[in-house]
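Written below as structure tokens is the structure these notes are about.
Read-outs: derived from the displayed coordinates by stated rules, not from any lab. Keep in mind that this is a model prediction, so the values were computed, not measured. Cβ atoms come from the backbone with ideal geometry, glycine included; neighbour counts cover every protein chain shown.
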């Protein structure tokens, strides 16, 4: 077993033993670790994440509108039965209690999850020169992308999961919003499907 495999196994065991909220919290943390490990691919690369879950998208994008894409949702192999519970659970923003083990993450203040409309005009996106991570700059500042995540919804037998992930402040650099489904295979969560709503 290589070093990465040992780290993944150790983190899975540590996460599952969380005392704060029992096994469910452990499952949610496992899903977050798996999603960001897949997205970032480099455990040394710093990723910025809003410290609260994203409820803005769920309030703005009504479930009736999203259900119009039901054929796309099925094609993307997303568990359709988890869509309504995902919406119900994410109507309000919650503090993220995940403490990353594998991912090099820095959590940003709550307003990064709640001021998403303002972000499109640069609010929260621009940082001083040398602290950006997108490679796009204005005259005096650089863009720093960051992610928002929703609470995770699990199937009854806890072998499927669904969440919404957003990447913000990355003009022409892969910003967008996705529904992501995962399936538990052995002790590992693997992405089984995703549906992109927009990308820049």
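Taking 4 °C and 1.567 mPa s as the conditions, I'd like the Stokes-Einstein D for the range 46-109 in µm²/s, using the Kirkwood hydrodynamic radius from alpha carbon pairs. Reported coefficient: 95 µm²/s.
Which order do peptides 179-185, 77-83 fall in by mean Cβ count within 10 Å, highest first? Before the final figure, lay out the partial values.
Working: 179-185: 20.3, 77-83: 17.4.
Going from most to least packed, we get 179-185, 77-83.
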